[in-house]
Structures are given as structure tokens and as C-alpha cells.
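Bear in mind these aren't lab numbers, they're just calculated from the coordinates by the rules spelled out. Note that the structure is a prediction, hence the values are computed from the model and not measured. All Cβ positions, even for glycine, are placed from backbone atoms using ideal geometry, and neighbour counts span all protein chains on display.
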Amino acid sequence: MFFKKEISSIFFGIKIICSVLILLTLLTLSIYTGFLHFNFTVLPSGDLLEINNEYDVTFLEESAKSKLVKYGFDLFQSTPKHIGRHIDRLDKRFSGNDLSCTNCHLLAGTKPFAASLVGVVNRFPQYRGRENQMGSIQARINGCMERSMNGSILPADSREMTALVAYLEWIGRNAPKDGKVLGQGFMQINLPNRAVDLENGRAVYKGQCVLCHGSEGKGIKEANAKVYEYPPLWGPDSYNNGAGMSRVITAAQFIKGNMPYGVTYETPILSDEDAYDVAGYINQQKRPIKVNLEFDFPDLKLKPVSTPYPPYIDAFSISQHQLGPFQPIIAYYKQKFNLTKKK
Ligand code: HEC
Ligand code: HEC
């Protein structure tokens, strides 16, 4: 037995539910048809990011040379499977973390402004400030082995080093003689003329990065998988404090042109401010410490301004080298040594 009052409140409830359903349908329809647009985090989607046919090793014919190139490609894409710290062969454990080269040199080293390695072999040997001498491509790869991979060097005559170089030569086979191609290094940003805002960095991390890299920056590895699906940004399995990515300017430039995953240098989502703040935030978290960093840059005036570890040949604090503002430091080197510093 219902009373009139109850019946009318049931009808009221039904009306509310129907209106909500209609509204939801309209909202979904307008998003699908593109009438309404939200700036959701871009999720990995095959057609956004795909290795170009020109760099697809599966098209290679069968030969000893191709086998080496393919091994180099696999090493680049799934580094921990071949030289990781958990593999059975003790003599092949060269990496100190489970990152893969492609985690930073995206699309197997071919994505513009993700430190693209197309043509890189032609750019070496090259003068290197960190060592203050001419360095070979092998020495440069080992720079990433000891820092980005927090590991040890690959012997120059090892099959792994030979394969990596063969792969890099192959992706650069159509590059000009001087190796200069669009997309070397990272995209430039306008550095905010202030220190990193760590609070904003944390907020950007929560809004744009946490989904894939996790609230503790540990990344995500699927059960039993050797390779990360989403790599860690800090903690014991990340790059160490001697790595290029640990410089806030370098990290900000990488992030601007490549993160959240799916963006390119032509379609960035983050403002320069947000990229700078989130880069500062992740680089303030704990990560492995490299030994012997005091021997880097024998000529200290060549040290990049955002190198996070001392010694420096200027009077700015460690904190200012880690978090800015960088304009005064850049101006100092210009005035004192006539050097134009970019990172
Ligand atoms: C949709 C998932 C996703 C989101 C969101 C995302 N990333 Fe990533 N990120 C990745 C993947 C995947 C890679 C490795 C790329 C590869 O292997 O192709 C990566 C690599 C990186 C790297 C270099 C590798 C490493 O482990 O150090 C950094 C730094 C990074 N991301 C920072 C960020 C920051 C900062 C944000 C937020 C602004 C962000 N990412 C948002 C998926 C994501
Ligand atoms: C944590 C990120 C990260 C990982 C992982 C990483 N690198 Fe790098 N690599 C960098 C950065 C940053 C640079 C410097 C780019 C710049 O300053 O323009 C760099 C530079 C290089 C260069 C010189 C590029 C040039 O244009 O002169 C080579 C070669 C290279 N890496 C090879 C490798 C190889 C091979 C691996 C895997 C064994 C690897 N890297 C893993 C971040 C990384």
C-alpha cells in the first residue's frame, strides 16, 4: 500500500535518474563527436608513436651483419634481458638498473628531440667536457651505461658494444656525413626566471605523471616481466645522480617534448613552467649516487649549470645549481668566461 506522498517521491527519483542518464549520454556523445574536448592525459596509442619503416629491423635480410644489427636493436629495446642485473650469466650483468635505452631515447633511438641517435655515430669522435678529451662513440655509450643505467662499462670489443654500434650505424645510414639531423638532443624551453616551485612540481606529477610512473615513482613492471612497461623516475632502480637526466634543465626539456607519453615536440601539453617544476620535483627524490663524481669536468668552467653535484668553479649554492634560478649563473659564465651555457 503506497501513500500519495511516497508515490510522488518515487516518481521524483525516477525523473532524477532519467535526467542524469540523458545528461551522461549527451556528454559521452559530444566527447565522441569531438564537440566537447577535454585535456585528458594522452595514453599510449600505437598510431601516435610508431617506429618508422625506415628504422624497422624486421625488414632486414638475413645476413651476419643484419643479425648483429637486430641484436643491437633488441639490446636497445629490452636492455635488462641481455645485460641486466638479474640475468643468469654473471659475466653479462652490466646494467645496474632495469631501464632500457629506449626509455629515454624513445622509439628505439629514432624519435626527434628524445635525444635521437639517428646519425650519432657520424658525430663521433667528439670532444667531451666531462672528460676534457676526445671521446669515441663507445665511450659515449659507456657514459650512459655508468650513469643512466647506473652500471658498468661494456668492453669495447664485446658483442654487446659491437651490436649497439652496428645498430646505431644502421639507423644513421641515410644521415648526412656530419651526423647533424633534426631532433638531436631535446627541444629548447624558456627557462622560468625563478627557482623550481616544488609544490607545483608535485601537483603536476600527481595530475600528469602518477598514472604511469606511480605515486612512489617506481614505475610499473608486469608480473614476471624483465622490462618495465612504465620506467621508474626515482628510487634504487632509476638513473643515478651523475646522469644527464638528473640535470633539471635537461629533464625539463625531455619532459616537455615527450611526456606525458604520446606527446611529441610538435604537440607538447605541459607549459615550460610545469615541465621545469616537475623535472625539479622528480630530481629532488632519492636516487642512486654515483661514486667519483668529483673527477668529472677536469675543466670546471665547462660543467653544465644544472649539474646537481659539486664541485663548481662559481660561488652559487648547490641548491641553486639543482633548482635555479639559472639566469644569474648563466650570466656569470657569460661575463666571466664568455661561455654561453644552455644546460
Ligand atoms: C601514459 C603513461 C605515461 C605518463 C602519463 C607519463 N609517462 Fe613518462 N614515460 C612513460 C613511458 C612508457 C616511458 C618510457 C618510454 C619508452 O620506453 O618508449 C616514460 C619515460 C619517462 C622518462 C625517462 C625514463 C626514466 O625512467 O627516467 C621520464 C623522465 C619521464 N617519463 C617523466 C614523466 C613525467 C615527468 C611525466 C608527467 C609530466 C610522465 N613521464 C608522464 C609513460 C608515461
Ligand atoms: C635515463 C635516461 C637515459 C637512458 C636510460 C639512456 N640514455 Fe643515453 N642519453 C641520455 C641523455 C639525457 C643524453 C644526453 C643528450 C643531450 O645532452 O643532448 C644521452 C646521450 C646519449 C648518446 C649521445 C647522443 C648525442 O647526440 O651525442 C648516446 C650514443 C647514448 N646516449 C646511448 C645510450 C645507450 C646505448 C643507452 C642504453 C645502454 C642509453 N643511452 C640509455 C639519457 C639516457
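Here are a few things to note about the model shown:
- Rg and Dmax over the alpha-carbon atoms of the chain stand at 24.3, 94 Å.
- Each of the peptides 74-81, 187-194, 248-255 was scored by the mean count of other Cβ atoms within 10 Å over its residues; in descending order, highest first, they stand as 248-255, 74-81, 187-194.
- From most to least packed by mean Cβ count within 10 Å, the peptides 91-99, 50-58 give 91-99, 50-58.
- Here region 123-143 is scanned for amide nitrogen atoms under 14 Å from the site 7 Å beyond the Cα of I313 along Cα-to-Cβ, giving 129-133.
- Point-to-point label distance, S152-K92, nm (Cα→Cβ direction, 7 Å offset): 1.7 nm
- Taking label points 7 Å from Cα along the Cα-to-Cβ direction, A195 and K301 give a separation of 2.8 nm.
- Rounded to the nearest 0.05, the FRET efficiency derived from the C-beta distance between I17 and L211 at R0 = 25 Å is 0.20.
- Sorted ascending by nearby beta carbons within 10 Å, beginning with the fewest, V120, V181 become V181, V120.
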